[in-house]
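Undergrad: Following this message is one structure expressed as structure tokens.
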Amino acid sequence: MTTTERTPRRLAVLIPLLLLSYGVLRLIDGMDGDHGPGLAWNLGHTFFLAAFLLLGALIVVLHRQVPGTTPRMRTAANTAAVAGLAGAACFIWVILGDLSPALADAAPLPAPLELAGPLAFQGGLLTLLTVLATVRPRRLPAWTPVLTFVSFALITVNLDLLPLAALTLLAALAPLASPRATPNTRTHQDVWASTRTALKGR
């Protein structure tokens, strides 16, 4: 198994587990009726930060798996990747501010990005997943982008649903963790060359 094959499998497991850890620690931190600095808060946000760093890596991995068969496909994939990475950067900016109030005071996230950032991240990631679930041959099942959307919706409804959202995302990304989900990187030319070599050897 190559490093390229292992990367999406690891990300598919690590990201939801980090989000689950953050969600559980957030619930523990809020047991006193308040969310604020402390061990659970800092540790949870550290997991949250790691999750979004890995989500950025996942966007890059998914972008590379989109077949650039047409200029329109390449443009859509590039746009989705840029939007997703920009949105992830906004989340990272905010999380770093949560971990460091001094940083938040000195460089707060601009107000227009508070709404645009999450939308860009979700739209970019969902677009890449949808493309991989619809192009031929399909790299992912149709329910992967659907469950990912449900995961995002749960977080939007209530942050206390983060543990459930993380488990939903784990189910959504499960195909990436499966050996069968690793895309076949051989091109048609590779297959044809292998066939000719086999015939010559007979």
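The values are calculated or read from the model by the stated rules, or taken from the named source; none is laboratory data. Note that the coordinates shown come from a computational prediction; the quantities given were computed from them, not determined experimentally. Every residue, glycine as well, gets a Cβ built from its backbone with ideal geometry; the counts of neighbours run over all protein chains shown. Just the protein is used for accessible areas: all its heavy atoms, side chains included, with ligands, DNA and RNA removed. Shrake-Rupley method; radii C 1.70, N 1.55, O 1.52, S 1.80 Å.
Undergrad: Do we have LEU20 as within 30 Å of THR79 (Cβ to Cβ), in contact with a Pro (Cβ under 8 Å, 6 or more places away or on another chain) and not polar (S, T, N, Q) here?
TA: no
Undergrad: Only one of these conditions is not met by LEU99: (1) touching a His at 6+ places or on another chain (Cβ under 9 Å); (2) in contact (Cβ under 8 Å) with a residue 60 or more places away in the chain. Which number is it?
TA: Of (1) touching a His at 6+ places or on another chain (Cβ under 9 Å); (2) in contact (Cβ under 8 Å) with a residue 60 or more places away in the chain, only one is false for LEU99: (2).
Undergrad: Give region 70-80 a look and list any residue that's open to solvent by 30 Å² or more (accessible area, probe 1.4 Å), under 18 Å from ARG136 (Cβ atoms) and touching a residue at least 12 places away in the same chain (Cβ under 8 Å), or say none.
TA: MET73, ALA76
Undergrad: Only one of LEU140, LEU125, LEU147 is assigned to a loop (DSSP other than H, G, I, E, B), touching a residue at least 24 places away in the same chain (Cβ under 8 Å), crowded, with 17+ Cβ neighbours inside 10 Å and not basic (Lys, Arg); which?
TA: LEU140
Undergrad: Here's something else I'd like to know. Just the residues that are of a type in the set (Gly, Ala, Ser) and open to solvent by 20 Å² or more (accessible area, probe 1.4 Å), please, taken from region 54-64. Explain how you work it out, then say what you get.
TA: At the first step, the residues of region 54-64 found to be of a type in the set (Gly, Ala, Ser) are 56-57.
The one that is of a type in the set (Gly, Ala, Ser) and open to solvent by 20 Å² or more (accessible area, probe 1.4 Å): ALA57.
Undergrad: Confirm whether ASP160 is open to solvent by 40 Å² or more (accessible area, probe 1.4 Å), part of a helix (DSSP H, G or I) and in contact (Cβ under 8 Å) with a residue 12 or more places away in the chain. Write out each step before concluding.
TA: Numbers: open to solvent by 40 Å² or more (accessible area, probe 1.4 Å): yes; part of a helix (DSSP H, G or I): yes; in contact (Cβ under 8 Å) with a residue 12 or more places away in the chain: yes.
Answer is yes for this residue.
Undergrad: Also, I was wondering about something else. Select, from PRO67, PRO118, the only residue that is assigned to a helix (DSSP H, G or I), in contact (Cβ under 8 Å) with a residue 12 or more places away in the chain and either surrounded by 15 or more Cβ atoms within 10 Å (Cβ to Cβ) or under 13 Å from the mean Cα position of the chain (by Cα) (or both).
TA: PRO118
Undergrad: Looking at (1) under 25 Å from SER21 (Cα atoms); (2) modelled with pLDDT under 95; (3) surrounded by fewer than 17 Cβ atoms within 10 Å (Cβ to Cβ); (4) of a type in the set (Val, Ile, Thr), which is the only condition VAL135 fails?
TA: Unmet for VAL135, out of (1) under 25 Å from SER21 (Cα atoms); (2) modelled with pLDDT under 95; (3) surrounded by fewer than 17 Cβ atoms within 10 Å (Cβ to Cβ); (4) of a type in the set (Val, Ile, Thr): (1).
Here's the yes/no breakdown for (1) assigned to a loop (DSSP other than H, G, I, E, B); (2) open to solvent by 20 Å² or more (accessible area, probe 1.4 Å); (3) at positive phi; (4) β-branched (Val, Ile, Thr):
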{"site": "LEU17", "(1), (2), (3), (4)": "no, yes, no, no"}
{"site": "SER21", "(1), (2), (3), (4)": "no, yes, no, no"}
{"site": "ARG26", "(1), (2), (3), (4)": "no, yes, no, no"}
{"site": "ASP29", "(1), (2), (3), (4)": "no, yes, no, no"}
{"site": "ASP34", "(1), (2), (3), (4)": "yes, yes, no, no"}
{"site": "TRP41", "(1), (2), (3), (4)": "no, yes, no, no"}
{"site": "PHE52", "(1), (2), (3), (4)": "no, no, no, no"}
